[in-house]
Structure formats: C-alpha cells, structure tokens
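Enquirer: Before anything else, here's the structure in question.
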Amino acid sequence: MADQVILIICFFIIALVYSSVGFGGGSSYLALLALSIFSVAFPVIRSTALFCNIIVVTGGAIIFYKEGKLHFKDVWPYLISSVPAAYIGGLWPIKEHTFFVLLGFTLILVPFLLWFQPEENVVASKTAIPERNSIKALLGFCIGLLSGLVGIGGGIFLSPVLHFFRWSDAKKISALASVFILVNSISGLAGQFYRGVPEMKLSFLLPLLAAVFVGGQIGSRLGARKFNPIYIKRITALLILIAGLNILKDHL
C-alpha cells in the first residue's frame with residue numbers, strides 16, 4: 001500500500017511538470033515502474049505508461065487547440081508514418097530482457113533531452129535544414145517505432161529535434177508534441193492489446209490515472225506562464241538517469 005501511495009504522488013508531480021510543456025511523462029512513469037521495489041510485470045509497465053500518457057496529453061492538446069497553437073497542417077506529416085510505426089512497435093514480440101535493456105538505454109538518453117529543453121520564450125529562426133514533409137515523415141517513423149517498443153509517446157524525442165531545427169516557436173512545438181504523444185500512445189497501446197491485454201488490476205491502475213489526470217490538468221493550464229519548470233525537469237532528468245543506469249546494471 002505504501003508503495004502505491006509513493007507511485008501516486010510521483011505520478012501526480014510528473015504529470016504536473018511534463019504537461020506544462022506538452023509532454024505526457026511516459027519516460028518518467030517507465031523509470032519508476034521499472035524499479036524492482038515495485039515488482040511490476042513488464043507488459044503492465046508499458047501499457048500503464050501509455051494509459052497515463054493518453055490521460056495527460058488529451059487535456060493538453062485540447063487546451064493548445066483552444067489557444068490556437070495547434071493546426072492539423074503542422075501535425076499530419078509526422079503522424080502519417082508514426083502511427084503505423086508505433087503500432088508495429090507495440091505489436092512486436094519483444095522479450096522481457098530485451099525490453100529492459102532498450103528501456104535502460106532510452107532512459108539514459110532522455111535526461112540529456114530534458115536537461116537541454118529550451119525555455120518557452122525561444123523564438124524560431126531559419127536554419128540550413130529545410131522544412132520538408134519527407135524529413136518529418138522519417139522523424140515520425142523512427143520515433144514512433146521506438147515509442148511503440150518501449151511504451152512512451154515520443155514527444156520527448158521529437159520536441160528537442162524540432163527546437164534544434166527551429167521549425168517553429170516553442171509553444172507550437174509543445175502543442176505538436178502533445179498530439180504526437182497522444183496518437184502514438186493510442187497506436188502503441190492498440191498494438192500491445194492486439195497481442196493480448198496484460199493482467200492489470202484496476203485497484204492499481206485507476207488511482208494512477210486519477211493522479212496524472214489532476215496533475216496534467218493543473219500543469220497544462222499553468223504552463224510556463226505561471227512557473228518555470230526547467231529546474232524541476234533537470235532534477236527529474238538526474239533521477240531518470242540513475243534509474244536507467246540501475247536497470248542496465250540489473251539486465252546487462
């Protein structure tokens with residue numbers, strides 16, 4: 001019982017922080033659930049993280065749309081390839097050992113992306129990298145496949161790339177990332193469920209979903225307008241890095 005209370009509190013904080021910049025928090029949910037002290041089966045780890053992603057970013061996507069930051073023409077080039085790729089990733093019969101090794105390396109990469117996440121006031125400027133739909137589709141496919149395999153939405157990978165390319169301003173990138181996470185999480189979950197629904201206890205899942213719903217609603221509304229979550233995210237990055245190294249230590 002005490003373990004679940006810790007998870008509920010942590011999931012609430014993660015959703016609050018990540019939703020403020022359009023993320024779902026899937027990487028941090030995975031980092032927590034994969035810890036041996038919680039004894040969560042790996043099929044449940046993946047599906048739980050995706051369920052939480054969906055709950056968090058749905059509210060964020062709606063808010064971004066109402067604010068006029070979300071446009072279909074900006075999103076579809078990424079989704080046209082990421083949706084089938086995420087489904088394939090979720091459907092792929094990945095072994096438990098392979099999953100934890102892949103998750104460990106993913107969690108080692110994520111902290112660097114979180115650490116260097118730019119501020120909301122960064123203004124887009126032209127670069128030498130052309131903004132082409134073919135490049136967007138390729139990005140969508142690669143990130144979507146990894147998302148489905150591991151059990152994340154992929155926004156944590158897409159957002160830094162778009163900031164580096166400077167194809168849009170920070171607020172619109174956050175809006176795009178939220179939709180990207182939402183659609184890929186649904187697609188990856190569909191692929192997992194096609195192979196069989198994991199045995200999940202509602203007494204375990206529902207409190208976590210409630211926690212991320214409340215945290216996500218608060219974070220989506222506050223955003224960078226009320227507080228700057230950059231330092232909190234950097235602390236989170238360090239914790240994720242430690243979790244990733246610990247997972248690799250146990251499975252390599």
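Enquirer: Could you tell me whether Lys73 is surrounded by fewer than 22 Cβ atoms within 10 Å (Cβ to Cβ), of a type in the set (Lys, Arg) and either under 21 Å from Ile143 (Cα atoms) or within 14 Å of the chain's Cα centre (by Cα) (or both)? Talk me through it step by step, then tell me what you get.
Expert: Working: surrounded by fewer than 22 Cβ atoms within 10 Å (Cβ to Cβ): yes; of a type in the set (Lys, Arg): yes; either under 21 Å from Ile143 (Cα atoms) or within 14 Å of the chain's Cα centre (by Cα) (or both): yes.
Answer is yes for this residue.
Enquirer: In addition: Kindly indicate whether Val21 is within 18 Å of Gly154 (Cβ to Cβ) and at pLDDT 90 or above. Spell out the reasoning first.
Expert: Details: within 18 Å of Gly154 (Cβ to Cβ): yes; at pLDDT 90 or above: no.
Judged against the criteria, Val21 is not a match.
Enquirer: With (1) under 18 Å from the mean Cα position of the chain (by Cα); (2) buried (at least 17 other Cβ atoms within 10 Å of the Cβ); (3) modelled with pLDDT of 90 or more as the list, and Phe105 as the residue in question, which single condition is left unmet?
Expert: Going through the list (1) under 18 Å from the mean Cα position of the chain (by Cα); (2) buried (at least 17 other Cβ atoms within 10 Å of the Cβ); (3) modelled with pLDDT of 90 or more, Phe105 breaks only (2).
Enquirer: Mind checking which pairs have a first residue in segment 1-21 that is under 27 Å from Lys172 (Cα atoms) and a second that is assigned to a helix (DSSP H, G or I) and among the aromatic types (Phe, Trp, Tyr), Cβ under 7 Å, 6 or more apart or different chains?
Expert: These pairs meet every condition: Phe11/Tyr29; Ile14/Tyr29.
Enquirer: While we're on this one: What do you reckon, is Ser159 within 16 Å of the chain's Cα centre (by Cα), at pLDDT below 90, crowded, with 20+ Cβ neighbours inside 10 Å and under 18 Å from Gly60 (Cβ atoms)? Walk me through how you get there before you give the answer.
Expert: On the way: within 16 Å of the chain's Cα centre (by Cα): yes; at pLDDT below 90: yes; crowded, with 20+ Cβ neighbours inside 10 Å: yes; under 18 Å from Gly60 (Cβ atoms): yes.
The answer is yes for Ser159.
Enquirer: Quick test for you: out of Arg166, Arg221, Arg195, pick the one residue that is closer than 19 Å to Leu113 by Cβ and touching a residue at least 24 places away in the same chain (Cβ under 8 Å). Let's see the steps before the verdict.
Expert: Numbers: Arg221 fails: closer than 19 Å to Leu113 by Cβ; Arg195 fails: closer than 19 Å to Leu113 by Cβ.
One residue alone meets the criteria, Arg166.
Enquirer: Taking segment 203-243 on its own, how many of its residues are hydrophobic (A, V, I, L, M, F, W, C) and at pLDDT below 90? Break it down into steps so the answer makes sense when it comes.
Expert: Filtering segment 203-243 down to residues hydrophobic (A, V, I, L, M, F, W, C) leaves 204-206, 208-214, 218, 222, 224, 227, 230, 232, 235, 237-243.
Filter once more, keeping what is at pLDDT below 90: 218, 222, 224, 227, 230, 232, 235, 237-243.
Of the residues in segment 203-243, 14 are hydrophobic (A, V, I, L, M, F, W, C) and at pLDDT below 90.
Enquirer: Checking Val110 against (1) crowded, with 16+ Cβ neighbours inside 10 Å; (2) modelled with pLDDT of 90 or more: exactly one of these is not met. Which one?
Expert: Failed condition: (2).
The values are calculated or read from the model by the stated rules, or taken from the named source; none is laboratory data. These numbers were taken from a predicted model, which means no experiment stands behind them. Cβ: placed from backbone, ideal geometry, glycine included. Neighbour counts: every protein chain shown.
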